[in-house]
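The values are calculated or read from the model by the stated rules, or taken from the named source; none is laboratory data. Because the structure is predicted, anything quoted here is derived from the model rather than measured. For neighbour counting, all protein chains shown are included, and Cβ atoms are generated from backbone atoms with ideal geometry for every residue, glycine included. Quick note on the areas: whole protein, heavy atoms, side chains included, nothing else; ligands and nucleic acids left out. Shrake-Rupley method; radii C 1.70, N 1.55, O 1.52, S 1.80 Å.
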Amino acid sequence: MSDHEDHKSESLMEKISEKIHSKDDSSSSSDSDDDNKISAMKSKVFRLFGREKPVHNVIGGGKPADVLLWKDPKVSGGILGGVSLIWFLFEVMEYHLLTLICHSLILTLAILFLWSNASAFVKKTPPKIPQVAIPEKPVLEIVSSLRIELNRGFAVLRDIASGKDLKKFLSVIAGLWFVSIISNCYNFLTLVYILVVLLFTVPVVYDKYEDKIDPLAEKALIEIKKQYAVLDAKVLCKIPRSMKELKEKKRA
């Protein structure tokens, strides 16, 4: 009897353990299904400019992205403060570049000269003036990247000037005309300063409030596409893509 009862108790324990395992498996599978649903929903959410990566990766990643997103507030604030100081000196105080450089060098050299000579009388260590040397590799990398971008821009300008695409020609002319109007209202330094301020504010604000900005941007893009479709149907589709096509239309 005891063997039979032991067998029954063992079978009962096995059934209970199987039920527990089946529940665990079902719960884990349901959790994984929920995770998959959440990830699928996140992937379907509209993101500005069709991005699929975080803002940090979109703007290049690394230290430049950390600076623009204020990961280190001291560095970001120092750069923005320095740019603001330069803009204030040139625009508000009406300093000239050469004058500012000369005055800064006069003040720096005078302080270091007096400090170096006064240290012998005061019996303190003279200032340690570091040796400044511009490294070759970063300069070559900057020049190389600048050369690539300039060549790309010249290729685009050559393609437009060749008369192959009239729409692209008109869009570039309109863009340059718009920039000329803005530059007529502001000088070059002010435009650069506005651009720097936007770079230090827009990415960090978007990174912080992207869930609220993306739905508004989606609605705006839908409305812009509707208006562009109307403009394309009424005006742009009637513009020939090249002078050859214009001649063919005239002959017809």
Would you give the gap between the C-alpha center of segment 149-166 and the C-alpha center of segment 187-226, rounded to a whole Å?
28 Å
Tell me the accessible surface of TRP70 in square angstrom (1.4 angstrom probe, heavy atoms of protein chains only), to the nearest ten.
80 Å²
Efficiency of FRET from Cβ geometry, LYS63 and LYS137, R₀ 22 Å, rounded to 0.05:
0.85
Phi to ³J(HN,Hα) by Karplus 6.51 cos²θ - 1.76 cosθ + 1.60 over segment 152-166, Hz, x for Gly, Pro:
5, x, 5, 5, 5, 5, 5, 5, 6, 5, 6, x, 7, 9, 6
Would you please give the FRET efficiency between LEU85 and VAL235, computed as 1/(1 + (r/R0)^6) with r the Cβ-Cβ distance and R0 = 51 Å, to the nearest 0.05?
0.60
When the Karplus curve 6.51 cos²θ - 1.76 cosθ + 1.60 is applied with θ = phi - 60°, which whole-Hz ³J(HN,Hα) does each residue of segment 182-193 get, with x for Gly and Pro?
5, 5, 6, 7, 10, 7, 5, 5, 5, 5, 5, 5
Dimensions (Å) - segment 111-190, Cα atoms, principal axes, largest first:
76, 35, 10
Phi angles of segment 227-235, converted by Karplus (6.51 cos²θ - 1.76 cosθ + 1.60, θ = phi - 60°) into ³J(HN,Hα) in whole Hz with x for Gly and Pro, give 5, 5, 4, 5, 5, 5, 5, 8, 10
Cα pair distances of segment 63-205 binned at 5 Å [whole percent]:
2, 7, 8, 9, 13, 17, 15, 11, 7, 4, 2, 2, 1, 1, 0, 0
